[in-house]
Amino acid sequence: MSNDKKLLYSGMQATGTLTLGNYLGALKNWVTLNEEYECLYGVMDLHSLTVRQVPADFRKNARSLYALYVAAGLDPEKNCIYYQSHVSGHAELSWILSCFTYMGELNRMTQFKDKAAKHADNINAGLYTYPVLMAADILLYQADLVPVGADQKQHLEITRDIAQRFNSIYGDVFTIPEPYIPKAGAKIMSLQEPEKKMSKSDENANATIKLLDDRDTIIRKFKRAVTDSDTVVRYAEEKPGISNLMDIYSCVTGKSNDEIEKEFAGKGYGDFKLAVGEAVADELAPLQKRYEELMADKAYLDAMIKMNDEKAQYLANKTLRKVQKKVGLTERIR
Ligand code: TRP
């Protein structure tokens, strides 16, 4: 990667099936970024281990995530899409960085508190040091920009703090990453509780649209979406359900709120919900077709994984060797 484009880094956990929220909020925007930036996207499988996984399902999910990245339009020849666990530098840098992270800082992480409450029977040390591994992901590649949602902002802040602390001791080793705020894209909310973000771990299947849901399922879930007792399709804070559906419709059709309000003036919620369901099903159909093709083409996917693992390893090792040297670890004898 020898050019002077800025480097952008992101990734998703390899657990559960991606939702429409992941797609419209992140993935769909990532597709356009490689013109302007050098992009790396990880299948964050080490992070997934903080929650107990069924090995065979986990392995399948990770490959499925890889294929979904590609099916969504991320060209694996132009974007480095790789498995976090295939680059040992993540775990190695994470250890070193953990010695530069204070427990007081980790104690403040709201996601740890939430997850600890949710998994009270398995509050493991990995859940606690999760942000350090995330810092390692980002700093290992000297990322300039990291597109993250609001729920990950605190993790990006601690990454910057760790990097600055390290640099103040050892000189300019790490690039200090900035959050990347996408020009387009929306925060998609649950279809059942529109005050809550659409989440792939939601137990209510009707609350989320999965990227691999079939057309009938998608339309049915939109029909059941929670709205309000009014009948007018209008964007308003006190109408979170309808506003969320408008955001979704706007993301997939490119229409503005004004246009949508006009289109459905005098029509009921039923017509609107059906239109949103159909538009989303149309949007996802080509992605789903491409996904099936990719999952059936083992040789192609394996070749892309191998090539990108190697690319990522090369970049990661450059930073890792530098860090090891700076902290005074003994260099390897060649
Ligand atoms: N923690 C992120 C999430 O759950 C995933 C992630 C892991 C990530 N490492 C990252 C995102 C590095 C951006 C950069 O969404």
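Computed from Cα atoms, the angle from the helix 125-140 axis to the main principal axis of the chain rounds to 80 degrees. Histogrammed with a bin width of 10 Å, the alpha carbon distances of the stretch 80-202 distribute as 11, 37, 36, 14, 1, 0 percent, first bin at zero.
Radius of gyration (Cα atoms) of the stretch 145-208, expressed as a multiple of 2.2 N^0.38 Å: 1.58. When the residues I242, I169 are ordered by accessible surface, computed with a 1.4 Å probe over the protein chains alone, the sequence from largest down reads I169, I242.
How large is the helix-only mean residue ellipticity at 222 nm for the chain, computed as the sum of -39500 (n - 2.57) over DSSP H runs with n ≥ 4, divided by its residue count, in deg cm²/dmol to the nearest 500?
-16000 deg cm²/dmol
If I compute solvent accessible area with a 1.4 Å probe over the protein chains, what percent of it on the stretch 13-111 is carbon and sulfur? Carbon plus sulfur share of accessible area: 55 percent. In sequence order, the stretch 141-154 has phi-based couplings of 9, 6, 5, 8, 9, 9, x, 9, x, 4, 5, 10, 4, 5 Hz under the Karplus curve 6.51 cos²θ - 1.76 cosθ + 1.60, θ = phi - 60°, and Gly or Pro positions carry x. Mind checking the angle between helix 298-327 and the chain's longest principal axis? C-alpha axes, 0 to 90 degrees, to the nearest 10. With rounding to tens, the tilt is 50 degrees. Counting protein heavy atoms only, the stretch 205-292 has 48 percent of its accessible area on carbon and sulfur, 1.4 angstrom probe. Remark on E178: its backbone amide H falls under 5 Å from those of L145, V146, a criterion applied only to residues 5 or more positions apart or on other chains, H modelled at 1.01 Å from N. Restricting the calculation to alpha carbons of the stretch 255-303 gives Rg and Dmax of 17.5, 54 angstrom.
With 5 Å bins beginning at zero, the pair-distance distribution over Cα atoms of the stretch 182-334 amounts to 1, 8, 13, 16, 13, 9, 8, 7, 7, 7, 5, 3, 2, 1, 0, 0 %. Ligands, DNA and RNA aside, H86 has an accessible area near 80 Å² when probed at 1.4 Å. Hydrodynamic analysis of the chain uses the Kirkwood radius over alpha carbon pairs. Inserted into Stokes-Einstein at 4 °C and 1.567 mPa s, it gives a translational diffusion coefficient of 61 µm²/s. Shown are R224, R234, whose ranking by accessible area with a 1.4 Å probe and every protein chain present, most to least, is R224, R234.
Using just the C-alpha positions of the stretch 205-292 as equal point scatterers, what log10 of I(q)/I(0) does the Debye formula give at each q in 0.19, 0.20, 0.21, 0.23 1/Å? Rounded to two decimals, the profile gives -0.83, -0.91, -0.99, -1.15.
The values are calculated or read from the model by the stated rules, or taken from the named source; none is laboratory data. Values in this document were obtained by computation on a predicted structure and should not be read as measured data. Each accessible area value is taken on the protein alone, full model and side chains, heavy atoms only, with ligands, DNA and RNA left out. Shrake-Rupley method; radii C 1.70, N 1.55, O 1.52, S 1.80 Å.
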